[in-house]
Structures are given as C-alpha cells and as structure tokens.
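Remarks on the structure that follows.
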Amino acid sequence: MIDYSSPDFASQLFDTLLKGTLETLWMTGVATLFTILIGLPLGIVLVGTEKGRFLSTPFGSATAGVIINRVLGFLVNLGRSVPFIVLMIALIPLTRLVLGSFIGTGPAILPLTIIAIPFFARVVEIAVKEVDSGLLEASDSLGATRWQLVRRVILPETGPAIVLGIATTITSVINFSAMVGVVGGGGLGNVALTYGFQRYSWVHIVAVVIVLFVIVLIVQGVCNALARSLDHANRAGHAADVIGAGT
Amino acid sequence: MITIEHVSRAFGGTVALGDVSLEIGRGQIFGVVGQSGAGKSTLLRTVNALERPDSGRVVVDGVQISHLRGQELRAARHGIGMVFQHFNLIGNRTVAQNVEFALEAVGHTRRDRAADAREMLDLVGLAARADAYPAQLSGGQRQRVGIARALASRPSVLLSDEATSALDPDTTRQILALLRRLSGELGLTIMLITHEMAVVKQICDAAALLEHGKVVEQGALTELIRTPGSRLAQDLFPLGDVPDIPGSAIIDLTFAGEEAQRPTITLLARTLNIDVSILGATIESIAGAQAGRTRLALPADPEVLTRAKAFFAEHDVAVEVVKAA
C-alpha cells in the first residue's frame with residue numbers, strides 16, 4: 001500500500017510521473033519518427049502501384065507494379081490484423097537480434113514501430129487517393145518525373161491530411177505504449193500498472209490519466225494548427241480575397 | 001506541326017476515336033468541336049501521349065510522340081504545353097511555385113526558376129499575384145496561371161482542353177485574346193477542343209468537327225464557310241429554320257474576305273431585274289477577316305435561280321439552295 005500521508009508522497013509521485021512521461025514521450029517519439037519515415041513512402045507506393053496509377057509500371061514493368069502492390073498490401077493487412085500484445089511477444093526474438101535485448105523501454109520501440117507502420121500507411125493511402133487526378137495529369141503533361149510528382153504535387157496536396165493522420169498515429173502509439181510493461185518497457189502505462197494496479201494507488205491512476213490526456217490534447221492541438229497552416233486550398237479566409245480579386 | 005494519322009482508340013467496347021486523321025500547320029490555331037462524348041478529349045490527349053492510340057500514330061514537330069516512353073517522352077512533353085478546364089493547379093503551392101514546378105520538370109536550376117516564373121507571370125499579367133494561392137484567385141486568374149505554367153518550358157505547341165468552359169463570357173473573351181496574342185508573340189501552334197462555337201469564331205484559323213469519334217469536316221474556317229452544306233459553317237453562322245414562303249426559292253450566301261464589304265445583293269437585284277428579300281443575315285469577324293451569311297428569297301423561277309447562281313459564282317460568293325420552290 002501507498003501511504004498518501006507520507007511527507008515524501010508528493011515528490012515521489014512527481015518523480016515517478018516525470019520518469020514515466022519522459023519514457024512514454026521517448027518511445028512514442030522514436031516510434032513515430034520511424035513510422036513516418038517508413039509508412040509515408042509505403043502508403044504512397046501502395047496507392048501508386050495500383051493498376052493505372054502513377055507508379056503502376058515501376059522499372060517499365062506492369063508485372064513489377066502488381067507484385068509490389070500485392071506484397072505490400074499483404075504485409076499491411078497482416079500487420080493491421082495482429083493484436084499488439086501478440087505482436088510484441090512474437091517479436092521478442094527479432095528484437096533481441098536487432099537490439100541485443102528484448103527487455104526495457106528502448107527495445108519496446110521496435111514492436112511499437114511495427115504496429116504503427118501499417119496503420120499510418122493506410123492513413124497516407126487514403127490521403128493520396130484523394131488527390132485530384134487532374135493534378136497528376138497536369139504533372140504528366142509537364143513532363144515531370146515520378147519523384148517530382150511525389151515531391152511537388154502529392155506531398156503538398158496531402159500534407160494537411162497526413163499531419164492529421166500523424167496526430168491519430170501518435171495517439172495510437174501512446175495507447176499501445178501503455179502495454180509495453182509486459183516486455184519490461186517503462187512509461188506511464190507501467191506507472192499505472194505497478195503503482196495503481198499492483199499497489200492500489202488510485203492517485204497514481206488518476207494522475208497517469210490526466211498526464212496522458214494532456215499529452216494527447218497537445219499533440220492534437222499542434223497537429224491541427226500545423227495542418228491548417230499547410231492547407232491553402234480550403235481556407236474560409238480565402239473567400240474574402242476571391243470576392244475582391246476580379247479577373 | 002501536329003500530324004494525327006489514322007488514330008483509333010477504344011475503351012472497353014466503346015470506340016472513342018475511329019480512324020482520325022488531322023494535320024495542323026505551324027502557327028495555326030486549330031479548334032476541334034463536337035458534343036461531349038464525341039472523343040475530343042481523347043483526341044487531344046493523344047497529342048501529348050496522355051492517351052495512347054490503339055493504332056495509328058501522332059507526330060509532333062517531327063517526333064513520333066505516340067510511341068515514346070520514359071525520358072524521351074518527358075523531353076517531348078516539354079515542347080507541348082497543356083491547359084485544362086479546371087486549371088489543375090496545385091492548391092497548396094503559390095502561383096509562382098506552380099509555374100516553377102514546370103521549370104523544375106524541364107531541369108532548370110533553382111535560381112533560374114524564380115526569375116523565369118516571374119517572367120511567365122508577367123507575360124500573362126499576373127506578376128502581382130505571384131505569392132497568392134490558387135484559392136485566392138478568380139477563375140480567369142487561375143487560368144492565366146495555368147497558361148503561364150503550360151508555357152514556362154517554352155513549348156512550340158499548346159493544347160487547350162476546354163480552357164474557357166468553366167469561365168464566364170467576359171473572362172472567356174479575355175483568356176482567348178490572351179491565347180491569340182501569345183500565339184503570335186511566341187509562335188505557338190494551338191490545338192484546342194471546345195463545345196462552344198464562339199471560341200472557334202473568336203480565335204481559330206481552322207477547325208474540325210468530331211462526331212462519334214470520327215472527323216466529319218475539317219479545314220480552314222475561311223474555306224469551310226464557303227463550302228455549301230458545311231455543318232461547321234451553319235453552326236458558326238446560324239440562320240435558323242428555313243421558312244416556307246410560297247412562290248419563293250430560298251438561297252443562303254456566304255461572303256468571306258472582301259466580298260463581305262461589296263453591295264453584291266443590290267447589284268444582283270439590278271442586274272437580274274428581280275425582287276429580292278433578305279430573310280436573315282449575320283456578319284462576324286472570323287479568323288481575322290469579315291465573313292457573313294445571308295439568306296435570300298427569290299422568285300421561284302428555275303431560270304432566275306440559274307442566273308443568280310452564275311452571278312454569285314462570278315462574284316466569288318458561295319451559294320447554297322435551301323429551297324428550290
């Protein structure tokens with residue numbers, strides 16, 4: 001049992017929460033970074049290699065496009081269908097191979113990244129499918145390369161949607177990170193598990209919930225603002241300019 | 001400049017183009033008209049190989065573009081600009097960035113791009129809006145950006161896909177005037193598709209009528225309007241339904257060039273000593289020259305009709321008898 005009346009209680013609670021929060025932010029941050037680095041190109045390639053789309057004939061071969069699309073689609077569906085707790089345990093051998101250990105906060109990043117990539121790739125996929133086909137046609141008519149198309153048309157056009165998708169992805173990763181206590185990972189989930197569940201401290205539970213809530217609020221707020229600043233196509237504020245613009 | 005030879009294209013079982021051949025000369029402004037679904041859009045897209053013909057070939061400036069791929073195709077496309085009905089501008093990039101994208105595609109360095117984009121925007125009268133986003137512009141301004149982007153790589157050919165169909169009549173006239181001016185200044189060959197005869201009337205030198213994927217008529221406008229029975233000419237100068245006037249023959253005349261300014265009809269009445277009534281007339285400026293059509297009622301006498309025809313042949317006016325008696 002925790003002694004709430006202990007003079008050290010408040011400072012101990014603070015230290016515990018701070019350590020848990022930093023671990024959660026570290027795991028989430030690194031996992032999200034790798035998720036974006038891998039999931040963004042993955043999502044673009046997933047859409048692009050669909051029949052008749054902008055990457056449907058990589059290396060000049062339609063067969064290559066079909067194969068890439070099928071393989072990636074299969075992996076993404078597989079990743080999406082495995083429950084995180086199962087994935088985490090199944091990945092222990094791989095984690096040990098890659099990182100030398102499977103216990104602790106650092107090694108927990110690998111399963112977090114692997115669960116988040118397919119999720120984020122689907123978010124990117126939906127955003128890329130929304131890009132007006134007229135823009136792709138215009139890009140082709142200008143004789144642009146595939147890379148120029150992605151860099152100068154697809155990324156700017158999908159930017160706002162992808163940033164909002166990143167907010168959702170971070171929230172999911174934070175969610176999943178609460179479970180990594182199972183493989184010895186730390187974080188706020190572990191605080192709730194060891195103090196709240198095993199030692200019956202409701203104060204710790206409430207404190208963890210509040211901290212997580214605040215983190216999610218901040219992430220969502222920052223991403224919303226960033227998405228707005230990237231979106232120049234649908235801003236209501238532009239209407240006033242149009243009226244005064246003439247021809 | 002653009003040669004389309006026996007091009008056919010089908011989508012599933014539907015024939016979009018059936019053995020289409022067209023020749024567009026250097027510096028010409030060529031209009032392709034037809035109903036929606038006639039295959040205009042598909043035909044236009046074969047010229048920059050956004051659409052591949054099932055058979056036949058397309059040659060632009062000596063290069064057989066219909067069979068190019070990869071880097072060669074991209075290089076050929078740098079010589080062919082295209083503007084679109086819905087502008088197809090990148091909404092999250094500024095006007096200048098939209099134009100710079102075209103220059104990047106050509107391989108210009110970052111430094112050159114900014115200056116060249118500025119120059120293009122100057123050319124279309126939009127330099128002041130370089131840092132605006134497309135959503136902040138009116139339709140006419142957006143199309144000017146589209147034109148600046150299409151011409152940034154200094155192409156010799158411009159393809160226009162219903163470029164004015166989303167614009168109001170005033171803006172349409174301004175955009176067409178801009179295209180006309182640029183075609184002169186830059187020596188552009190323009191192929192445009194439209195369903196509006198007013199567009200053809202305002203800027204085209206030549207036109208083709210496309211119906212169910214086939215070219216029904218084609219030629220220089222000044223020739224077409226002199227061709228009896230020409231559907232394009234009738235669409236360009238509608239005179240309405242033929243009225244039924246007992247005891248009269250009805251003929252349609254087409255004047256082009258200098259003939260439009262001569263008092264030919266009063267001369268006819270005096271020479272043949274007959275009464276002539278004018279049932280309808282329209283005069284337009286076409287391909288930079290005056291042209292017009294007039295519908296006359298003459299006495300229903302075969303001899304009068306024969307002499308009238310001979311008279312007009314002598315004066316170089318095209319005659320079409322729409323009702324003999």
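Figures for the structure shown
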{"read-out": "Shape call, the range A:99-172: gyration tensor on alpha carbons, a/c limit 1.5", "value": "prolate"}
{"read-out": "Euclidean distance between Cα centres, the range A:131-173 to the range B:131-202, Å", "value": "26 Å"}
{"read-out": "Cα lying deepest toward the dipole's positive end in the range A:99-213, options A:LEU136, A:PRO107, A:VAL123, charges on Cβ", "value": "A:PRO107"}
{"read-out": "Cα gyration tensor shape for the range B:86-162, rounded if a/c is under 1.5, else prolate or oblate", "value": "oblate"}
{"read-out": "Computed [θ] at 222 nm, deg cm²/dmol, chain A (DSSP H ≥ 4; -39,500 (n - 2.57); rounded to nearest 500)", "value": "-24000 deg cm²/dmol"}
{"read-out": "CD proxy at 222 nm, helix term only [per DSSP H run n ≥ 4: -39500 (n - 2.57); per residue of chain B; nearest 500]", "value": "-10000 deg cm²/dmol"}
{"read-out": "Karplus-derived HN-Hα couplings along the range B:138-152 (A = 6.51, B = -1.76, C = 1.60, θ = phi - 60°), whole Hz, x at Gly and Pro", "value": "7, x, x, 5, 4, 5, 5, 4, x, 5, 4, 5, 5, 9, 4"}
{"read-out": "q = 0.19, 0.28 Å⁻¹, the range A:43-110: log10 I(q)/I(0) [Debye, one scatterer per Cα]", "value": "-0.75, -1.08"}
{"read-out": "Computed over chain B: relative contact order in percent, which uses C-alpha pairs under 8 Å that are six or more apart", "value": "18 percent"}
{"read-out": "Anisotropy class of chain A from Cα gyration tensor, a/c 1.5 cut", "value": "oblate"}
{"read-out": "Vicinal HN-Hα couplings computed from phi for the range A:83-98 (Karplus, 6.51 cos²θ - 1.76 cosθ + 1.60; Hz; Gly/Pro x)", "value": "x, 4, 5, 5, 4, 4, 6, 5, 7, 3, x, 5, 4, 4, 5, 6"}
{"read-out": "Amide proton proximity set for B:THR189, modelled H, under 5 Å, gap of 5+", "value": "B:GLY27, B:VAL157, B:LEU158"}
{"read-out": "Other protein chain Cβ atoms within 10 Å, averaged over every residue that makes up B:128-140", "value": "4"}
{"read-out": "Percent RCO, i.e. relative contact order, over chain A, from Cα pairs under 8 Å lying at least 6 residues apart", "value": "26 percent"}
{"read-out": "Rg over Rh, two decimals, the range B:1-100 (C-alpha only, Kirkwood Rh)", "value": "1.00"}
{"read-out": "Shielding score for A:132-138, defined as the mean number of other chain Cβ atoms within 10 Å", "value": "6"}
{"read-out": "Folded to 0 to 90 degrees: helix A:9-48 orientation relative to chain A principal axis, Cα", "value": "20 degrees"}
{"read-out": "Distance between modelled label sites at A:ASP3 and B:ILE245, nm, 7 Å Cα→Cβ extension", "value": "11.9 nm"}
{"read-out": "Shielding by other protein chains, B:80-93, mean Cβ within 10 Å", "value": "6"}
{"read-out": "Alpha-carbon centroid distance for the pair the range A:12-43 / the range B:52-82, whole angstrom", "value": "50 Å"}
{"read-out": "The range B:100-229: relative contact order in percent, alpha carbon pairs under 8 Å with at least 6 residues between", "value": "18 percent"}
{"read-out": "Protection proxy ranking of A:134-143, B:161-170 - average other beta-carbon atoms within 10 Å, highest first", "value": "A:134-143, B:161-170"}
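Read-outs throughout are calculated quantities, based only on the coordinates presented, and are distinct from any laboratory measurement. Computed from a predicted model, the values in this text were never measured in an experiment. Quick reminder, even Gly has a Cβ in these numbers, built from the backbone with ideal geometry, and neighbours come from all protein chains shown.
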